[in-house]
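Trainee: Right, I'll just put the structure down here and ask away after.
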Amino acid sequence: MKITESEVRYVADLAQLNLGEDEIEKLCADLSQILTYMEKLNQLDTSGVEPMAQVLYDAEETATLRDDRPHEPLGQGVALLNAPMAGAGHFKIPKVIER
Amino acid sequence: MDIAALTVEEIRVGLEARRFSAREVTEETLRFAQAENPKTNAYLCFSPERALQSAARVDEKLARGEDPGTLAGVPVAVKDVIVTQGVRTTCGSRLLENYTPPYDATAVERLEAAGGILLGKTNCDEFAMGSSNENSAFGPVRNPLATDRVPGGSSGGPAAAVAQGTAVVALGSDTGGSVRQPASFCGVVGVTPTYGRVSRYGLVAFASSLDHIGPLARNVRDAASLLQVIAGRDPRDATSAFAPVPDYCALLDGKVRGVRIGLPREYFEGLSRETGDLIERSIATLKKLGCEVREISLPHTEYAIGCYYIICTAEASSNLARYDSVRYGRRSAAVETLSDMYRNTRGEGFGAECKRRIMLGAYVLSAGYYDAYYLKAQKVRTLIARDFAEAFREVDAVVTPVSPFPAFRLGEKVDDPLAMYLSDIYTITGDLAGIPCMSVPCGTTSEGLPVGMQILTRHFDEAGMLRLADAFERAGGAEG
């Protein structure tokens, strides 16, 4: 499996990740090597095997449901404490709507 | 009081006999830890105020004649991927350099309720991704037993702190071996409980179908005490299990005669010579203890690494999508547009290993590849879990090495990510199957490097696993 530079750029775009030219070059090599190793799984016939979507099945389907009652919230002030930019009780981000 | 060698029980006895107070234990340990820390870089921060408040509560309870709890006065180090209210939690990442959580993880809440003392937060690979602790944005951790070597990862800080004696026990997290491998490299006990045994509420998510919180300690009994306190259902973690929690310490009764042990032949290929010798001698000890040892096969072992790195990177790329610098985390200075903000923040904030895993995960989940990678890996995971289910029809425990080799040198594997991934060969299967597994020290190599033996048991049979480890430890490990 050979991963090209344009594939790396495409995936980085999906992942919202800005990469430098040297990083792109290194990732081409790393991803190619690791994905080639992963091809080993194709040696196995898995037809008829259920995917392991759940790790454990010890509880009934509804066991983890709780009563729909409100909890004490964190509070606006506390929730905003770690925001890189906040104002007027909100999280602030760059403007997304142009006038 | 020898701070660096204290056990949970010694602290309890000392407190009850009024030989020392919880405040004294806390102050002495803090002083010792702060002085010793530059040798290993195990701690990223200390929490003296909170520690002394907890110690005061324990001393007040003792003065009133109340039960101060299972972990009364026990200094605990907590891996920096587990959130602590008011105590900075970085996950070893530049992105969270200034993150101060507004709440406590359930495991932290429980250990403090049991009288435990949160001493500080310990170093780890960024977002728990790594096998050497070299991926921390705040510098690598050094192995206290050989400072030119790695402590293992990703719970390198917790393992080093416990080995160094700067904490009595520690909380780590394990996704593919991140508690057991550093425990083996540092010569301490590391326990990965059954998936769901311990609440992950407040554990910063890496790969949700594989993440566990687990204890590290200098002996099996201390690890059992910590597990006792943190185990059990938590309504705030829907994946936490309802299964009742037995009294683990009471079950450390040495009754291991007749325990059937399986040695999977696939785990004994490619071991370094000294690791192989020590494991062989450990098996001889288990036989002397009256265990019935037989060879077994776990035929899908060779597919485990490929399977694991597809699933964990896929889940990691989804979990790490939350680092968008809106609600928390460091924001890039270059933010003209919203898109810039995301891309530059993430590009500047994540280290090389996180980027590699985000990219791998995004690739295997991308349109057209989902079936070939993620779905395929989930099916292979079923086969790996079935291997263990089959084995446990014939045996009560599976015993293997933890790592093919002891602690390697800093820098030795950083340039070869695949070689680093391959070093997780023996530990990832337990996480994939969701079964309890642990590392118990068996001895040291001629260079003085510790080697760990891994024990794996059936779902929720932590008691059987700990009983066997405790008997083995008391028999002297490989020297028994």
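The values are calculated or read from the model by the stated rules, or taken from the named source; none is laboratory data. Note that the structure is predicted; figures quoted are calculated from it, not measured. Cβ placement follows ideal geometry from the backbone for every residue including glycine, while neighbour counts extend to all protein chains displayed. Surface areas here come from the heavy atoms of the whole protein model, side chains and all, with no ligands, DNA or RNA. Shrake-Rupley method; radii C 1.70, N 1.55, O 1.52, S 1.80 Å.
Trainee: Tell me which residues, restricted to the stretch A:42-73, are under 25 Å from the mean Cα position of the chain (by Cα), at the interface with chain B (Cβ under 8 Å from one of its Cβ atoms) and modelled with pLDDT under 90.
Mentor: A:A53, A:V55, A:L56, A:T64
Trainee: Give the residues of the stretch B:63-82 that are surrounded by 23 or more Cβ atoms within 10 Å (Cβ to Cβ) and either of a type in the set (A, V, I, L, M, F, W, C) or under 20 Å from B:C124 (Cβ atoms) (or both), sorted by residue number.
Mentor: Scanning the stretch B:63-82 gives B:L71, B:A72, B:V74, B:P75, B:V76, B:A77, B:V78, B:K79, B:D80, B:V81, B:I82.
Trainee: Looking at the stretch A:11-41, which of its residues are farther than 29 Å from B:E302 by Cα, facing another protein chain (nearest Cβ under 8 Å) and not in a loop (DSSP other than H, G, I, E, B)?
Mentor: A:A12, A:L14, A:E23, listed by residue number.
Trainee: Now, a different point. Check off (1) of a type outside the set (S, T, Y); (2) more than 22 Å from B:M359 (Cβ to Cβ); (3) in contact (Cβ under 8 Å) with a residue 24 or more places away in the chain for B:I305 and give me the number that stays unchecked.
Mentor: The one condition B:I305 does not meet is (2).
Trainee: Go through the stretch B:273-325 and give me each residue that's among the charged types (D, E, K, R) and farther than 26 Å from B:T445 by Cα.
Mentor: B:E292, B:E302, B:E315, B:R322, B:D324
Trainee: For residues that are under 12 Å from B:D396 (Cβ atoms) and among the basic types (K, R), scanning just the stretch B:258-294, find the one that is most open to solvent (accessible area, probe 1.4 Å).
Mentor: By that ranking, first place goes to B:R294.
Trainee: Examine the stretch B:378-393 for a residue that is more than 14 Å from chain A (Cβ to nearest Cβ), open to solvent by 10 Å² or more (accessible area, probe 1.4 Å) and modelled with pLDDT under 95, and state whether such a residue exists.
Mentor: Within the stretch B:378-393 (the criterion being more than 14 Å from chain A (Cβ to nearest Cβ), open to solvent by 10 Å² or more (accessible area, probe 1.4 Å) and modelled with pLDDT under 95), the answer is no, since none of the residues qualifies.
Trainee: Could you please find all residues in the stretch B:174-183 being out of contact with any Gly (no Cβ under 7 Å at 6 or more places or on another chain) and either open to solvent by 10 Å² or more (accessible area, probe 1.4 Å) or not β-branched (V, I, T) (or both)?
Mentor: Of everything in the stretch B:174-183, those that are out of contact with any Gly (no Cβ under 7 Å at 6 or more places or on another chain) and either open to solvent by 10 Å² or more (accessible area, probe 1.4 Å) or not β-branched (V, I, T) (or both) turn out to be B:G176, B:G177.
Trainee: I'd like to verify a number: residues in the stretch B:343-371 that are touching a helix residue (DSSP H, G or I) at 6+ places or on another chain (Cβ under 8 Å), open to solvent by 20 Å² or more (accessible area, probe 1.4 Å) and among the small types (G, A, S), how many?
Mentor: 2
Trainee: Considering the stretch B:308-329 alone, what residues qualify as being assigned to a loop (DSSP other than H, G, I, E, B) and either open to solvent by less than 20 Å² (accessible area, probe 1.4 Å) or touching a residue at least 24 places away in the same chain (Cβ under 8 Å) (or both)?
Mentor: B:Y323, B:S325, B:Y328, B:G329
Trainee: Only one of (1) farther than 25 Å from B:Q228 by Cα; (2) over 22 Å from the mean Cα position of the chain (by Cα) fails for B:G92. Which number is that?
Mentor: Status for B:G92: all satisfied but (2).
Trainee: Of everything in the stretch B:189-198, what is farther than 14 Å from B:K79 by Cβ and open to solvent by less than 10 Å² (accessible area, probe 1.4 Å)? Give them in sequence order. Outline the logic, then answer.
Mentor: Of all residues in the stretch B:189-198, those farther than 14 Å from B:K79 by Cβ come to B:189, B:193-197.
Residues satisfying the conditions are B:V189, B:P193, B:T194, B:G196, B:R197.
Trainee: List the helices (runs of 4 or more DSSP H) that sit entirely inside the stretch B:1-75 and contain at least 1 residues that are at pLDDT 95 or above and more than 23 Å from B:N219 (Cα to Cα).
Mentor: It comes to B:22-40, B:48-63.
Trainee: Give the residues of the stretch A:14-50 that are open to solvent by less than 80 Å² (accessible area, probe 1.4 Å) and closer than 18 Å to B:N344 by Cβ, sorted by residue number.
Mentor: Within the stretch A:14-50, A:A15, A:Q16, A:L17, A:N18, A:L19, A:G20, A:E23, A:I24, A:L27 qualify.
Trainee: Taking B:L375 as the residue in question, decide whether it is of a type in the set (A, V, I, L, M, F, W, C), at the interface with chain A (Cβ under 7 Å from one of its Cβ atoms) and in contact with a Phe, Trp or Tyr (Cβ under 8 Å, 6 or more places away or on another chain). Reasoning before the result, please.
Mentor: Values: of a type in the set (A, V, I, L, M, F, W, C): yes; at the interface with chain A (Cβ under 7 Å from one of its Cβ atoms): yes; in contact with a Phe, Trp or Tyr (Cβ under 8 Å, 6 or more places away or on another chain): no.
No.
Trainee: Can B:S332 be described as within 9 Å of another protein chain (Cβ to nearest Cβ), of a type in the set (S, T, N, Q) and either in a loop (DSSP other than H, G, I, E, B) or open to solvent by 20 Å² or more (accessible area, probe 1.4 Å) (or both)?
Mentor: When the stated conditions are applied, B:S332 passes them.
Trainee: While we're here: Restrict the check to the stretch B:258-281 and report whether at least one residue is assigned to a loop (DSSP other than H, G, I, E, B) and either under 25 Å from B:R221 (Cβ atoms) or touching a Lys or Arg at 6+ places or on another chain (Cβ under 9 Å) (or both).
Mentor: yes
Trainee: May I pose another question? In the list B:S282, B:S332, B:S325, B:S339, which residue meets the criterion of being touching a Pro at 6+ places or on another chain (Cβ under 7 Å) and farther than 22 Å from A:M52 by Cα? Don't jump to the end; show me each part of the working.
Mentor: Numbers: B:S282 fails: touching a Pro at 6+ places or on another chain (Cβ under 7 Å); B:S332 fails: touching a Pro at 6+ places or on another chain (Cβ under 7 Å); B:S339 fails: touching a Pro at 6+ places or on another chain (Cβ under 7 Å).
The match here is B:S325.
Trainee: For the stretch B:131-149: of the residues being touching a Gly at 6+ places or on another chain (Cβ under 7 Å) and open to solvent by less than 10 Å² (accessible area, probe 1.4 Å), which is nearest to B:L210 (Cα to Cα)?
Mentor: B:S131
Trainee: Continuing with the same structure: Can you confirm whether the stretch B:205-223 contains a residue that is surrounded by fewer than 24 Cβ atoms within 10 Å (Cβ to Cβ), in a helix (DSSP H, G or I) and touching a helix residue (DSSP H, G or I) at 6+ places or on another chain (Cβ under 9 Å)?
Mentor: Taking every residue of the stretch B:205-223 in turn, at least one turns out to be surrounded by fewer than 24 Cβ atoms within 10 Å (Cβ to Cβ), in a helix (DSSP H, G or I) and touching a helix residue (DSSP H, G or I) at 6+ places or on another chain (Cβ under 9 Å).
Trainee: Residues in the stretch B:228-257 that are open to solvent by less than 50 Å² (accessible area, probe 1.4 Å), of a type outside the set (G, A, S), away from chain A (no Cβ under 14 Å) and touching a Lys or Arg at 6+ places or on another chain (Cβ under 8 Å): how many?
Mentor: 5
Trainee: Being within 20 Å of B:E479 (Cβ to Cβ) and either within 16 Å of the chain's Cα centre (by Cα) or not hydroxyl-bearing (S, T, Y) (or both), is that true of even one residue in the stretch B:416-424?
Mentor: The answer is no; no qualifying residue exists.
Trainee: Scan the stretch A:1-13 residue by residue and report those that are surrounded by 15 or more Cβ atoms within 10 Å (Cβ to Cβ), farther than 14 Å from B:Y369 by Cβ and over 18 Å from the mean Cα position of the chain (by Cα).
Mentor: The answer is none; no residue qualifies.
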